[in-house]
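Working notes, beginning with the structure itself.
The values are calculated or read from the model by the stated rules, or taken from the named source; none is laboratory data. From a predicted model like this one, the values you see are computed outputs, not experimental measurements. Neighbour counts are summed over all protein chains in view; Cβ atoms, including those assigned to glycine, are modelled from backbone coordinates with ideal geometry. Just so you know, the surface numbers come from the protein's heavy atoms only, side chains and all, with ligands and any DNA or RNA stripped out. Shrake-Rupley method; radii C 1.70, N 1.55, O 1.52, S 1.80 Å.
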Amino acid sequence: MGTDSTAPKLDMEKLVALCRRRGFIFQSSEIYGGINGFWDYGPMGVELKKNIKEAWWHDMVRNPPPGPDGLEIAMVGVDCSIIMNPKVWEASGHVGGFSDPMVDCKAEGCKGRFRADQLASTPCPLKPSKCAGQFEKCQLTEARVFNLMFQTFVGAMQDASSLAYLRPETAQGIFANFKNVLDSSRLKLPFGIAQVGKAFRNEINPRNYTFRSREFEQMEIEFFCRPNESMKWYEYWRDLRKNWYTKLGIQSARLRPREQGKEELAHYSIGTTDIEYLFPFSDEPQELEGVAHRGCYDLSQHMKHAGKDLSYFEEELWQKADKSAYGGDKKKEQEAKSKEPYRYVPHVIEPSAGADRFTLAVLCEAYHEDKQPDEKGVMQERVVMRFHPRLAPVKAAIFPLVNKDGMPEIAEKLYRELKQDFNVQYDDGGAIGRRYRRQDEIGTPFCITIDGQTKEDSTVTIRDRDTLEQRRVKLENIATEIRNLLRS
Ligand code: GAP
């Protein structure tokens, strides 16, 4: 993979501690001892994840690069309900097939539940056993299938008639609305429908921090296209999605697009490429996103189960057709209209990314330790989160060098101006070095200091988080400097 094997692996405990200390990620319901597989984002984490989702929406929905033919591509969004008619999940195959094989351990002191296909990599509570089933006292049951969908009831009755599910993927809301979107807009194939939202899976082994959670957010696109053009769109999305991660600061040496083997493919997929990232907790790259060629599986299933026509009619192609071929024969004409190339069930390419998984990859990638001189020139350990400026929770911090001589007034004014457009912080507490360290730990790209010279020439210093370079900039140019940084 070309990864630098000599680079020391990040110690996940250090990252988890930083995330808690600086308000990125907390255990859900921590004051009650937490709940396995659920996480909360704190003040810094919510900004980071929001920036990730906004970057995705901006780059994929509002401004996707031109398609393979050089033409602009059409993308729109939806925001669907989390609980849908349960028939959706029968049609999609989730009621019948969305399950993992699972074994229980009956041994005293364990009573664990493990995925049968992941025993070798699942830690065991019975020490000295390293993995589930390894220790002589382990008592594993036969494997049973376990449906991953969370169930709930809708309305006052709690019986089979009111059973519903929390969606395990956002994709089905898009398929169920395909016709609504088509009929309510002027879209023509090919086009994509995007959605960002929560999904829920009752994972047997939630683990590796937020990597495998029971509640998580997806950023999904269903791109509808002509069957005979689907391969070129598959390649387009696969390459675009991999490059997007690199653009946002993930080292390409740690990224790997991996074509799934036939035996791994989900029931709906003709072909899938996983975009994987080498997380510090694993020796093998792990899935960040799947780009799947879903063929016409989902729309065909919904056509069958809902009894609705979800096929697409190529109006323009029909208008251009040589209608004389039908010699005025209405029956022949109707027949021609009902078949390809005029009418067909669109094929779908689906880039499906996890917002939480990417947030975790961004946190892992950003974490750095180095040594920097403090204001007295003494070398000090520093933890710095080298976020891409677009993703950084705080874009700039504004400091008055000292709390006198008119500096706080200028700093506060600048802060109030900048916060109209950017998430910025004001900090006048403690030595300047300590203020820098606090910002480094949350990955703020710029620290702006108002000092004695500011009053004389209306300039301030800007200190760069990564190079530590300090330069003087006119007060009036600060907003432009930050804007340029965010475009980089
Ligand atoms: N609609 C297709 C679909 O849901 P998937 O590969 O099961 O495909 C897509 O999920 C993405 O959702 C994954 O690549 C991952 O980023 C994220 N994801 C899936 N399960 C997850 C979990 N338990 N915790 C966090 N993220 C998860």
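Going through segment 310-354 one residue at a time, which ones are among the hydrophobic types (A, V, I, L, M, F, W, C) and either surrounded by fewer than 20 Cβ atoms within 10 Å (Cβ to Cβ) or more than 16 Å from the ligand (Cβ to nearest atom) (or both)?
Selection gives Leu310, Phe313, Leu317, Trp318, Ala321, Ala325, Ala336, Val345.
Report those strands (runs of 3 or more DSSP E) wholly inside segment 406-488 carrying at least 3 residues which are over 21 Å from Arg21 (Cα atoms), open to solvent by less than 50 Å² (accessible area, probe 1.4 Å) and not charged (D, E, K, R).
Values: elements: 424-426, 446-450, 459-464, 470-474.
It comes to 446-450, 459-464.
Residue-wise test of (1) modelled with pLDDT of 95 or more; (2) under 26 Å from Thr246 (Cα atoms); (3) within 16 Å of the ligand (Cβ to nearest atom).
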| residue | (1), (2), (3) |
| --- | --- |
| Pro8 | no, yes, no |
| Leu18 | yes, yes, no |
| Ser29 | yes, no, no |
| Asp40 | yes, no, yes |
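Tell me which of these Leu71 doesn't satisfy, since it passes every other one: (1) free of Cβ contacts under 8 Å to residues at least 12 places away in the same chain; (2) in contact with a strand residue (DSSP E or B) (Cβ under 7 Å, 6 or more places away or on another chain).
Among (1) free of Cβ contacts under 8 Å to residues at least 12 places away in the same chain; (2) in contact with a strand residue (DSSP E or B) (Cβ under 7 Å, 6 or more places away or on another chain), Leu71 violates only (2).
Yes/no matrix, rows are residues, columns are (1) in contact with a helix residue (DSSP H, G or I) (Cβ under 8 Å, 6 or more places away or on another chain); (2) more than 21 Å from Phe146 (Cα to Cα); (3) buried (at least 18 other Cβ atoms within 10 Å of the Cβ):
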{"residue": "Asn51", "(1), (2), (3)": "no, yes, yes"}
{"residue": "Gly77", "(1), (2), (3)": "yes, yes, no"}
{"residue": "Gly93", "(1), (2), (3)": "yes, no, no"}
{"residue": "Val103", "(1), (2), (3)": "yes, no, yes"}
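Return the residues of segment 299-346 that are over 28 Å from Met231 (Cβ atoms), outside any loop (DSSP other than H, G, I, E, B) and among the acidic types (Asp, Glu); say none if nothing qualifies.
Across segment 299-346, the qualifying residues are Glu333, Glu335.
Criterion first (surrounded by 17 or more Cβ atoms within 10 Å (Cβ to Cβ), closer than 30 Å to Ser488 by Cβ and over 14 Å from the mean Cα position of the chain (by Cα)) does Tyr245 satisfy it? Don't jump to the end; show me each part of the working.
Numbers: surrounded by 17 or more Cβ atoms within 10 Å (Cβ to Cβ): yes; closer than 30 Å to Ser488 by Cβ: yes; over 14 Å from the mean Cα position of the chain (by Cα): no.
Judged against the criteria, Tyr245 is not a match.
So the check is Cβ under 8 Å with 6+ separation or different chains; which pairs have a first residue in segment 287-298 that's more than 15 Å from Ile174 (Cβ to Cβ) and in a loop (DSSP other than H, G, I, E, B) and a second one that's near the ligand (Cβ under 6 Å from one of its atoms) and of a type outside the set (A, V, I, L, M)?
Matching pairs, first to second residue: none at all.
Scan segment 256-274 residue by residue and report those that are open to solvent by less than 50 Å² (accessible area, probe 1.4 Å) and in contact (Cβ under 8 Å) with a residue 40 or more places away in the chain.
Tyr268
Is it fair to say Trp244 is under 20 Å from Ala171 (Cβ atoms), in contact with an Asp or Glu (Cβ under 7 Å, 6 or more places away or on another chain) and within 15 Å of the ligand (Cβ to nearest atom)?
Numbers: under 20 Å from Ala171 (Cβ atoms): yes; in contact with an Asp or Glu (Cβ under 7 Å, 6 or more places away or on another chain): yes; within 15 Å of the ligand (Cβ to nearest atom): yes.
Yes.
Tell me the residue from Leu248, Leu182, Leu148, Leu240 that is closer than 24 Å to Lys308 by Cα and either out of contact with any Leu (no Cβ under 9 Å at 6 or more places or on another chain) or in contact (Cβ under 8 Å) with a residue 60 or more places away in the chain (or both), please. Walk me through how you get there before you give the answer.
On the way: Leu248 fails: closer than 24 Å to Lys308 by Cα; Leu148 fails: closer than 24 Å to Lys308 by Cα; Leu240 fails: closer than 24 Å to Lys308 by Cα.
None of the other options fit; the residue is Leu182.
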